[in-house]
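So that we are looking at the same thing, I have put the structure below in structure tokens.
Rule-based calculations on the coordinates, nothing more; no lab input. Worth saying up front: this structure is predicted, and the values here are computed from it rather than measured. Please note: Cβ atoms are built from the backbone with ideal geometry, for glycine as well, and neighbour counts cover all protein chains shown.
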Ligand SMILES: [Zn+2]
């Protein structure tokens, strides 16, 4: 999830709502925003994924 805002001069900013990091500011086009957002490696999402994997492994271990 990303939160986009537009500046007075028409350029865009975008912020990741998961880690609250500003990914880009004063970007000329929405196409560029798409590109920059796709390139963002979110630490929050990676952490959530890691925790989910850990929980799944623990649940598996508990069953055996
Ligand atoms: Zn992020």
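How many percent of all Cα-Cα pairs in the chain sit more than 16 Å apart?
54 percent
The stretch 26-64 to the stretch 6-21: how many Å between their Cα centroids?
Cα centroid of the stretch 26-64 versus Cα centroid of the stretch 6-21: 20 Å apart.
Starting from the 7 Å offset along Cα-to-Cβ, what nm value, one decimal, do you get for the label separation of residue 38 and residue 56?
Each label point lies 7 Å from its Cα, and together they span 2.5 nm.
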